[in-house]
Amino acid sequence: MRDISKYVDSYVEYIKEFEFYQVKYRRKMILEWIKNYKPQKILEIGCGMEPLFRWVKDRFYDCRAWH
């Protein structure tokens, strides 16, 4: 019989590691897209752990426009 507690603990650790790499990859891809297409406005919708605007405003936009 499978130990469900052990399984859950292993799964939770896997998800934490996986999500760490996913966040980095998504950020990299989105920043490349912004750099290439230079959109006038960006609307970020989501429940991510780290907002993207912190990375975008310093690289591509005038920080004074952010309130």
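Each reported figure results from applying straightforward, stated rules to the coordinates on display, with no laboratory input. Nothing here was measured: the structure is a model prediction, and the numbers come from that model. Neighbour counts run over all protein chains shown; Cβ positions are idealised from the backbone, glycine included.
Hey, with R₀ at 35 Å, roughly what FRET efficiency would Ile15 and Asn36 work out to, going by the Cβ-Cβ distance, to 0.05? Can you show the working numbers first?
On the way: r = 31 Å, r/R0 = 0.89.
Calculated transfer efficiency: 0.65.
Reachable lysines from Lys6, Cα under 27 Å, same-chain residues fewer than 8 places away excluded?
Lys16
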